[in-house]
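The values are calculated or read from the model by the stated rules, or taken from the named source; none is laboratory data. The structure displayed is predicted, hence computed values, not measured ones. Cβ sites come from the backbone with ideal geometry, for glycine too, and all protein chains shown count toward neighbours. All accessible areas refer to the heavy atoms of the entire protein, side chains included, with ligands and DNA or RNA removed. Shrake-Rupley method; radii C 1.70, N 1.55, O 1.52, S 1.80 Å.
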Amino acid sequence: MSDLGPLVPRRRDMHPVPFDPDYKTSVTRSPRWPLLSMESTPSEETGPRFGHSLIGPLDNNLILNWSKDGTPAIGERILMHGRVMDEFGRPVPHTLVEIWQANAGGRYRHVKDTYFAPLDPNFGGCGRALTDEQGRYQFLTIRPGAYPWPNRANDWRPMHIHISVFGHSFGQRLITQMYFEGDPLIDRCPIAATIKERSQLDRLVAPLDMAMSRPLDFLAYKFDIVLRGRRQTMFENKLEGM
Amino acid sequence: MVQSLDTLVETASQTGGPYVHIGCIPTFAGLGAVYPEDLGLRAIEDGAKGEIITITGEVIDGTGWAFRDALLESWQADASGKFAGQEGADPLVNGFARFAADKETGLWTLRTVKPGKVKTRDGRLQAPHISLWIAARGINISLHTRIYFEDEDNSEDPLLNRIEQRNRVPTLMAKKTGAGEYRFDIHLQGASETVFLDI
Ligand SMILES: [Fe+2]
């Protein structure tokens with residue numbers, strides 16, 4: 001195993017603020033005291049790897065992976081695709097991407113979700129995929145509906161898909177959300193608004209990608225993901241034995 | 001004008017939300033039929049070398065409430081200080097585990113092996129520790145911290161020694177409660193706020 005160098009420090013100003021009164025739950029769940037900063041160690045520079053044997057044939061197909069008899073999930077059929085790369089533009093191959101989402105009516109398959117919109121018997125709402133050699137991934141799914149949530153008196157989540165990515169080191173671990181081009185609820189959402197740097201929020205909005213859409217079948221949305229990079233200079237403290 | 005940098009900026013984090021379990025541990029969330037089993041169910045397999053330990057704790061918000069929707073992940077070395085995938089690492093130590101606060105009690109449990117010492121990049125030995133990552137509704141960027149052990153020699157640990165307020169060091173110490181049993185509570189706020197890491 002060769003030493004790829006320390007992780008590039010996180011730019012916290014490019015991330016959401018932990019404490020935001022408009023997102024009420026963050027008020028009691030955000031640390032008040034400064035984080036302790038330190039250069040990464042092998043504990044953060046290594047991480048779990050997952051093999052292709054983990055992934056079932058329908059794991060990245062949310063239209064069919066909950067269906068008992070092959071009946072597709074209800075909703076607008078979409079391909080969600082993109083690349084996972086690092087801050088230096090290098091692809092992140094063979095990394096696990098997991099997604100979860102509401103159904104077309106805006107309802108999650110979860111005991112705590114009691115929204116009026118009905119469950120779709122053929123839609124579970126989760127999927128996973130490993131990126132390929134170039135860091136690419138694809139999911140076939142349905143476009144999730146917007147939904148109301150208890151926060152301020154009348155808050156609605158824009159259409160979104162939750163995404164979890166591992167990368168190759170524990171310090172790269174990332175959870176984020178993909179929004180959809182043109183959704184007027186994005187600018188009204190207190191969770192989206194926890195990101196104060198507008199260009200960073202814009203990067204969570206997936207554009208419609210007609211080139212990748214399949215005629216008479218599905219539309220496509222592209223969502224690229226950038227994880228922390230590893231700094232390689234000639235002047236680093238190299239890890240012993242690597 | 002200057003030359004332009006061609007580096008990219010990391011994608012912004014967002015909260016995992018209240019239904020993070022659907023995506024990460026769907027069987028736990030009641031979606032049993034999607035995958036054969038949830039990812040990261042076991043940090044170790046039977047026969048892993050070293051001292052087998054169980055760590056239990058709560059994740060506590062600023063009001064003192066142990067909330068029920070936290071998702072945690074751990075990553076650690078084996079008993080000899082090697083990570084899964086490295087040469088000579090114990091093949092029975094996965095090193096990675098994913099677990100959740102209990103829906104009724106808020107308690108989480110991690111069964112694993114006590115890790116060995118791992119060096120920093122400049123060759124200093126770190127005391128045995130488990131890296132911990134916490135995601136939940138209301139946490140906009142997931143939290144990193146570490147579990148150290150009160151019954152180990154932690155005096156030379158480079159990270160612990162960076163903590164200026166020495167009264168905060170115990171927030172990173174798993175307390176021994178019995179043979180092979182430890183307690184580690186995570187406080188998001190308050191006088192005993194856990195030291196969280198930017199690392
Ligand atoms: Fe959501």
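Here are some conditions: (1) assigned to a loop (DSSP other than H, G, I, E, B); (2) closer than 20 Å to A:R10 by Cα. B:L132 meets all but one. Which one does it not meet?
Against the list (1) assigned to a loop (DSSP other than H, G, I, E, B); (2) closer than 20 Å to A:R10 by Cα, B:L132 comes up short only on (1).
Counting only residues that are within 11 Å of chain B (Cβ to nearest Cβ) and in a loop (DSSP other than H, G, I, E, B), which one in the stretch A:66-97 is nearest to the ligand (Cβ to nearest atom)?
Ranking the candidates gives A:W66 first.
Please find, among B:S74, B:S13, B:S80, the residue that is within 16 Å of the ligand (Cβ to nearest atom) and either touching a Cys at 6+ places or on another chain (Cβ under 8 Å) or at pLDDT 95 or above (or both).
Values: B:S74 fails: within 16 Å of the ligand (Cβ to nearest atom); B:S80 fails: within 16 Å of the ligand (Cβ to nearest atom).
Result of the check over B:S74, B:S13, B:S80: B:S13.
Taking into account only those residues within the stretch A:146-160 that are part of a loop (DSSP other than H, G, I, E, B) and either aliphatic (A, V, I, L, M) or within 11 Å of chain B (Cβ to nearest Cβ) (or both), which is farthest from the ligand (Cβ to nearest atom)? If you could, list the steps in order and put the result at the bottom.
Residues of the stretch A:146-160 that are part of a loop (DSSP other than H, G, I, E, B), as a first pass: A:146, A:150-154, A:158-159.
If we keep only those that are either aliphatic (A, V, I, L, M) or within 11 Å of chain B (Cβ to nearest Cβ) (or both) too, we end up with A:146, A:150-151, A:153, A:159.
On the way: A:A146: 10, A:P150: 13, A:N151: 12, A:A153: 19, A:M159: 10 Å.
Looking at residues that are part of a loop (DSSP other than H, G, I, E, B) and either aliphatic (A, V, I, L, M) or within 11 Å of chain B (Cβ to nearest Cβ) (or both), I get A:A153.
For every residue, the table says whether it meets (1) part of a strand (DSSP E or B); (2) open to solvent by less than 10 Å² (accessible area, probe 1.4 Å).
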position: A:I99; (1), (2): yes, yes
position: A:N103; (1), (2): no, yes
position: A:G106; (1), (2): no, yes
position: A:H110; (1), (2): no, no
position: A:A117; (1), (2): no, no
position: A:G124; (1), (2): no, yes
position: A:D132; (1), (2): no, no
position: A:L140; (1), (2): yes, no
position: A:P144; (1), (2): no, yes
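I'd like to check something: does the stretch A:73-89 contain any residue that is more than 17 Å from the chain's Cα centre (by Cα) and closer than 19 Å to A:G135 by Cα? It would help to see each step written out before you state the result.
From the stretch A:73-89, those more than 17 Å from the chain's Cα centre (by Cα) are A:73-77, A:88-89; that's our starting set.
With closer than 19 Å to A:G135 by Cα added as a condition, the list becomes A:88-89.
Yes, there is a match, as at least one residue in the stretch A:73-89 is more than 17 Å from the chain's Cα centre (by Cα) and closer than 19 Å to A:G135 by Cα.
Among the residues of the stretch A:120-144, what is the count of those that are within 15 Å of the ligand (Cβ to nearest atom) and within 14 Å of chain B (Cβ to nearest Cβ)? So that I can check it myself, show each step before the final result.
Initial filter on the stretch A:120-144 (within 15 Å of the ligand (Cβ to nearest atom)): A:123-127, A:141-144.
Okay, now just the ones that are also within 14 Å of chain B (Cβ to nearest Cβ), so A:123-127, A:141, A:144.
The total comes to 7.
Determine, yes or no, whether B:R166 is modelled with pLDDT of 95 or more and open to solvent by 20 Å² or more (accessible area, probe 1.4 Å). Let's see the steps before the verdict.
Working: modelled with pLDDT of 95 or more: yes; open to solvent by 20 Å² or more (accessible area, probe 1.4 Å): yes.
Considered against the rule, which asks whether it is modelled with pLDDT of 95 or more and open to solvent by 20 Å² or more (accessible area, probe 1.4 Å), B:R166 comes out as yes.
Please verify whether A:R12 is within 8 Å of chain B (Cβ to nearest Cβ), without any contact (Cβ under 8 Å) to a residue 24 or more places away in the chain, surrounded by fewer than 19 Cβ atoms within 10 Å (Cβ to Cβ) and under 23 Å from A:D224 (Cα atoms), treating the condition exactly as stated.
Numbers: within 8 Å of chain B (Cβ to nearest Cβ): yes; without any contact (Cβ under 8 Å) to a residue 24 or more places away in the chain: yes; surrounded by fewer than 19 Cβ atoms within 10 Å (Cβ to Cβ): yes; under 23 Å from A:D224 (Cα atoms): yes.
Yes.
Would you say B:I25 is open to solvent by less than 20 Å² (accessible area, probe 1.4 Å), touching a residue at least 60 places away in the same chain (Cβ under 8 Å), of a type in the set (A, V, I, L, M, F, W, C) and closer than 17 Å to A:V111 by Cβ?
Details: open to solvent by less than 20 Å² (accessible area, probe 1.4 Å): yes; touching a residue at least 60 places away in the same chain (Cβ under 8 Å): yes; of a type in the set (A, V, I, L, M, F, W, C): yes; closer than 17 Å to A:V111 by Cβ: yes.
When the stated conditions are applied, B:I25 passes them.
Kindly establish whether A:Q200 is surrounded by fewer than 21 Cβ atoms within 10 Å (Cβ to Cβ), more than 8 Å from chain B (Cβ to nearest Cβ) and within 15 Å of A:F223 (Cα to Cα).
On the way: surrounded by fewer than 21 Cβ atoms within 10 Å (Cβ to Cβ): yes; more than 8 Å from chain B (Cβ to nearest Cβ): no; within 15 Å of A:F223 (Cα to Cα): yes.
For A:Q200, the condition - surrounded by fewer than 21 Cβ atoms within 10 Å (Cβ to Cβ), more than 8 Å from chain B (Cβ to nearest Cβ) and within 15 Å of A:F223 (Cα to Cα) - is not met.
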